[in-house]
Amino acid sequence: MTTPAPVTPGSDQAAYWNEEGGRRWVDNIERVERMLQPLADRLITLAAPKKGETVLDVGCGGGLTSAAAAGAVGPTGRVTGCDVSAVILDVARARFKPTGNLSFALGDAAAMPLSGYDLVVSRFGVMFFPDPVAAFRNLRSALKPGGRLAFICWRSLDENPWMADCVRAAFTVLPRPEPTPPGAPGPFAFADAQRLRGILADAGFGAIEIVSHDETLELGTMDDALEQMTRMGPPAAGFAAASAADRDAVLAALRATLEPRLVDGRVHMPSGTWLVTARPA
Ligand SMILES: C[S@@+](CC[C@H](N)C(=O)[O-])C[C@H]1O[C@@H](n2cnc3c(N)ncnc32)[C@H](O)[C@@H]1O
């Protein structure tokens, strides 16, 4: 098993996740992890790491799924959480002390030499590759013969009202940014399952299964949800630059959108993901 090499300096994704994107993720880490916890559980069930296995967690972020996998593989196994962002990895290391079977490594999963893993997993860490076929080819080369890939990624924005409804509300006030072309690197890059299947096949994967999964996510209290939806995602940059009056108007629009979703003082919103598994062909 080889561990990730340092990330190529100057790549766009490295810059984004080490700067604005990374800062936003780190500043909101507790809130986001709480919201995404059910999907960490879902990933571990899907991937089913076994005692003694070697696991690569791609785009491991704050390290929660790496730590969960380390628990599953036990002391005879080994998990590497890899991420392109130094600022995010610092948080992962602080939250989950690297132990005998868990380590974190800075690296670009699309490009670094990798080999000897039984299992490659990811929760929302594989949708940002500028060249997804080349990146998944690299992840395929990380796997031992008979190894497996298991990840979870978002379906379309429209199938994710937790984000779509809030974006729609915020952009009744804020200037709407240019839409990104379908399939561009970003959270919804793999919305189209046909395209995703083609990418994985072209990268040398077979036994590809892409299963639709719906899950209600809990965004915390109304204040938690308002903070998250104005500090992360598409409205964040516009909100930060907006006048005080426009910020108040955005918050009012978001509150009106989220109010009907309150259950016992917590905001609950639907989400839509793909549960993806494959093996080297
Ligand atoms: C949406 S976050 C998800 C983080 C974590 N997996 C989770 O579920 O909380 C995406 C993560 O992927 C990382 N990432 C993006 N492109 C990457 C690449 N090419 N190689 C490694 N990590 C990458 C980012 O730095 C970020 O931490």
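Quick note: the coordinates plus some simple rules give every number you see, no bench work behind them. Predicted, not measured: the structure shown is a model, and the values here were computed from it. Positions of Cβ are generated from backbone atoms using ideal geometry, with glycine treated the same way; all protein chains shown enter the neighbour counts.
Rg to Rh for segment 92-242: what is it, with Cα atoms only and Rh by Kirkwood?
With Rg and the Kirkwood Rh in hand, the quotient comes to 1.01.
Can you list residues from other chains, or at least 5 along the same chain, whose modelled amide H is less than 5 Å from the amide H of PHE128?
The list, which skips near neighbours in sequence, is GLY186.
How large is ³J(HN,Hα), in whole Hz, for each residue of segment 209-220 in order, when computed from phi with the Karplus curve 6.51 cos²θ - 1.76 cosθ + 1.60 and θ = phi - 60°, using x for Gly and Pro?
10, 10, 10, 6, 9, 10, 8, 7, 9, 9, 8, x
Taking the chain as the reference, fit the longest principal axis to its C-alpha atoms, fit the long axis of helix 193-202 to the helix C-alpha atoms, and give the angle between the two in degrees, 0 to 90, nearest 10.
30 degrees
Name the most mobile residue of VAL84, VAL120, VAL263, meaning the one with the largest mean-square fluctuation, in a Gaussian network model of the chain with Cα contacts below 10 Å.
In this elastic network of the chain, the residue with the biggest mean-square fluctuation among VAL84, VAL120, VAL263 is VAL263.
For a quick check: with amide H placed at 1.01 Å from N, whose amide H comes under 5 Å from ARG148's, ignoring anything fewer than 5 positions away on the same chain?
LEU119, VAL120
Rounded to whole Hz and in sequence order, give me ³J(HN,Hα) for segment 113-126 from the Karplus expression 6.51 cos²θ - 1.76 cosθ + 1.60, θ = phi - 60°, writing x for Gly and Pro.
Result, rounded to whole Hz: x, 9, 6, x, 9, 7, 8, 10, 10, 6, 10, 6, x, 10.
Rounded to the nearest 10 degrees, what's the angle between the helix 161-170 long axis and the longest principal axis of the chain, both from Cα atoms, 0 to 90?
Helix 161-170 and the main axis of the chain meet at about 40 degrees.
If you place +1 on the Cβ of every Lys and Arg and -1 on the Cβ of every Asp and Glu, how big does the dipole about the Cα centre of segment 52-159 come out, in debye to the nearest 20?
Taking the Cα centre of segment 52-159 as origin, the dipole is about 280 debye.
Using Cα pairs closer than 8 Å and at least 6 residues apart in sequence, work out the relative contact order for the chain, in percent.
21 percent
When the distances between all Cα atoms of the chain are binned every 10 Å from zero, what whole-number percent does each bin get?
7, 29, 36, 21, 7, 1
Hey, what do the phi angles of segment 77-87 turn into as Karplus ³J(HN,Hα) couplings, whole Hz, using 6.51/-1.76/1.60 and θ = phi - 60°, x for Gly and Pro?
Ordered by residue, 3J(HN,Hα) equals x, 7, 10, 10, x, 10, 8, 7, 10, 5, 5 Hz.
Over segment 132-281, calculate the relative contact order: mean separation of alpha carbon pairs under 8 Å at least 6 apart, over the residue count, as a percent.
Relative contact order of segment 132-281: 44 percent.
Considering the chain as a Gaussian network with a 10 Å cut-off on Cα pairs, which listed residue, ARG176, ARG148, ARG140, attains the greatest mean-square fluctuation?
ARG176
Amide H of GLU53 versus every other amide H placed in the peptide plane: which residues, excluding those fewer than 5 positions away on the same chain, fall under 5 Å?
Hits under the 5 Å cutoff: ARG78.
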